[in-house]
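Contents: one structure, followed by commentary.
The values are calculated or read from the model by the stated rules, or taken from the named source; none is laboratory data. Quick caveat, the model's predicted, so the values are computed rather than measured. Virtual Cβ from ideal backbone geometry, glycine too; neighbours counted across all protein chains shown.
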Amino acid sequence: MKEMAIPPTIYTLLGGGSILAKKKMNAKKMMRLSMLLSLSLILAYVETLLPPVWPLPGMKLGLANIVVLYVIVTQGKKEALMITIMRLLSLALLLGRFLTPGFYIGLSGALLAWALMSLGLRTPLSVIGLSILGAVAHNVGQLSAAVILVGSTSVYYFLPYLLIAGLVFGSVTGLPVQLLIERRGKRPNPFS
């Protein structure tokens with residue numbers, strides 16, 4: 001398989017110290033991750049066009065997290081972090097939301113979700129359990145960022161509703177990943 005050097009833009013965007021920058025990635029893996037990033041962007045964009053699914057501000061299903069969950073389980077946590085960061089930056093730039101309060105709120109939720117799902121890989125959680133963990137962590141991360149930006153803890157009033165939503169939406173987004181992994185016959189843990 002032919003090895004391909006990582007383009008300097010990805011190296012720069014990820015801070016110059018990513019796994020992709022330290023080793024060469026084969027062309028097949030780079031193409032697969034690029035397609036998954038594209039799918040994640042499409043799902044995130046489509047979700048911005050949908051009406052709110054819950055009467056709370058900014059509440060969304062988290063369709064793009066289907067891709068992140070799939071990547072973290074089948075490709076690895078570093079690759080999932082790359083997809084997460086690239087998706088957030090690309091979508092924010094495309095929609096004109098880069099460096100806005102909404103960008104910071106979304107970034108904090110996504111990074112906390114990624115971190116806890118990465119830790120959850122070492123536990124006996126199922127794929128749906130990982131998805132629920134990620135959804136709840138995403139909501140907690142977003143609320144915590146909102147508390148910092150607003151300067152008031154009254155935002156935590158929404159926490160019970162967001163925990164319930166994380167449980168429901170995490171199950172909904174985790175199910176297709178679980179079914180896809182079972183259908184492909186892949187083991188759900190990349191460390192095995």
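Tally up the residues in segment 105-138 that are assigned to a helix (DSSP H, G or I) and surrounded by fewer than 16 Cβ atoms within 10 Å (Cβ to Cβ), please.
Here the count works out to 2.
Among the candidates Gln142, Gln178, the residue that is in contact with a helix residue (DSSP H, G or I) (Cβ under 6 Å, 6 or more places away or on another chain), part of a helix (DSSP H, G or I) and more than 24 Å from Leu107 (Cα to Cα) is uniquely Gln178.
Could you tell me which of the residues Ser144, Ser152, Ser118, Ser131 is more than 17 Å from the chain's Cα centre (by Cα), closer than 24 Å to Leu88 by Cβ and among the polar types (S, T, N, Q)?
Numbers: Ser152 fails: closer than 24 Å to Leu88 by Cβ; Ser118 fails: more than 17 Å from the chain's Cα centre (by Cα); Ser131 fails: more than 17 Å from the chain's Cα centre (by Cα).
One residue alone meets the criteria, Ser144.
Of the residues contained in segment 120-129, none is found to be of a type in the set (Ser, Thr, Tyr) and touching a Ser or Thr at 6+ places or on another chain (Cβ under 8 Å).
Checked against (1) touching a Phe, Trp or Tyr at 6+ places or on another chain (Cβ under 8 Å); (2) of a type outside the set (D, E, K, R); (3) modelled with pLDDT under 90, Ser152 passes all but condition (1).
In the condition set (1) over 30 Å from Lys28 (Cα atoms); (2) surrounded by fewer than 21 Cβ atoms within 10 Å (Cβ to Cβ); (3) not aromatic (Phe, Trp, Tyr), Gln75 is compliant with all but (1). Each residue in segment 139-164 was checked for being in contact (Cβ under 8 Å) with a residue 24 or more places away in the chain and either of a type outside the set (S, T, N, Q) or buried (at least 21 other Cβ atoms within 10 Å of the Cβ) (or both), and 11 pass.
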